[in-house]
Structure formats: C-alpha cells, structure tokens
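To keep things clear, I will list the structure first and then write my remarks on it.
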Amino acid sequence: MLEMEVNCLKKELLDQTYKTKIEKEECNSSKQALLILKPDHVVFHVVASSNSSPGVVIFDHVISNIGSRYDNNSGIFTVRTTGLYVFSWSIETYGQLTEAALLVNRIEVGITKSDEAPSYYDTTTSFAVLSLNRKDKVWVRIKSGRAEAMHTCTIFSGWKINKSGKEFIPL
C-alpha cells in the first residue's frame, strides 16, 4: 500500500513538472510574440527657450524624447525606423509676420505663417503626416521673421504611428 502511494505521488510530481515546463514554454512564447508585435515607440515634445531668427530652430528644452531621436543641440529629429510619422510645430511671434517651415532632408514639406500683429503675441500651428525612411532628418526652420520664446509656445512635437510607411494605403 505504501508503495502504491509513493508511485502515485511520483506520478503526480512528474505530471506537475511536465505542466510547469509546458507553462514556462507557453509563457516564453507569449513574451517573444509580444516583443515581435510591440511597435517601435518614438515620441518627442520640445520647446524653444530662446528667440530664433531665420535658420534652424533649436528646441533646447526637452519635455519628452522616447526613442532618443531628437537632438536638442542641433534641433534635428533623425528617423531610426521607416514608418508613418506625425509632426506638429507651433511658432509664437510678436509684431511681425513670421514663416516657419518643416523640412525633411532639406526639402520643405510644410509651412506655418503667423500674423503681423503690432501689439500682441500671435501663435500659429501646423501638422504634417509623413511616410519617412530610416536616417531621414526632420527639423523646423524660420524662413522670415522671428520666433519668440516668451510663453513657451514655440514648440515641436513628433510621434510614430505605425511600424512601416508601406502599411499606409492612401484612399
């Protein structure tokens, strides 16, 4: 009788060991699947802390930079992985018409113009949705006028919205 109980316990132990092994394998497979499906997170939001005259705007105050692709010394965002990206840029101005362009690899792809308001600050914002390739460079440039940094309204933001620009199918 004792021998039967020992054999029964051995069988239960073997069954439990087998179940644990299977559960670990399933867990590892699930973790690997999540790593494969997890999107490449890229998000940045930066603010200019000083006025900018014509030229590249240096947004030196970094609020977020997930993926570390924005360089606050050069003002340039560099694409690490091909995909569909959204960019937003706002320019604050005072007393003069100011034009700011979004550039990709030195090509102007968007523009924003502020009002020539003689006695108040004006802010203007633009957006762009772009299919970009690895190593593309994106930045904001003042074409004319001056961007103010008085109310932290001169900002630049970007985020990736899919894994590959090829997944985007225009209507």
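The values are calculated or read from the model by the stated rules, or taken from the named source; none is laboratory data. Since the model is a prediction, treat every value here as computed from it, not as a measurement. Here the Cβ is made from the backbone with ideal geometry for all residues, glycine too, and neighbour counts use every protein chain on show. For the accessible areas, the whole protein counts, side chains as well, though only heavy atoms, and no ligand, DNA or RNA atoms are used. Shrake-Rupley method; radii C 1.70, N 1.55, O 1.52, S 1.80 Å.
Points to keep in mind about this one:
- Condition met for residue 156 (touching a Ser or Thr at 6+ places or on another chain (Cβ under 8 Å), open to solvent by 20 Å² or more (accessible area, probe 1.4 Å) and among the aromatic types (Phe, Trp, Tyr)): no
- Within segment 54-87, considering residues that are open to solvent by less than 20 Å² (accessible area, probe 1.4 Å) and either touching a helix residue (DSSP H, G or I) at 6+ places or on another chain (Cβ under 7 Å) or without any contact (Cβ under 8 Å) to a residue 40 or more places away in the chain (or both), the one nearest to residue 134 (Cα to Cα): 83
- Of the strands (runs of 3 or more DSSP E) lying entirely inside segment 88-144, those containing at least 3 residues that are open to solvent by 20 Å² or more (accessible area, probe 1.4 Å) are 107-113, 121-132, 137-144.
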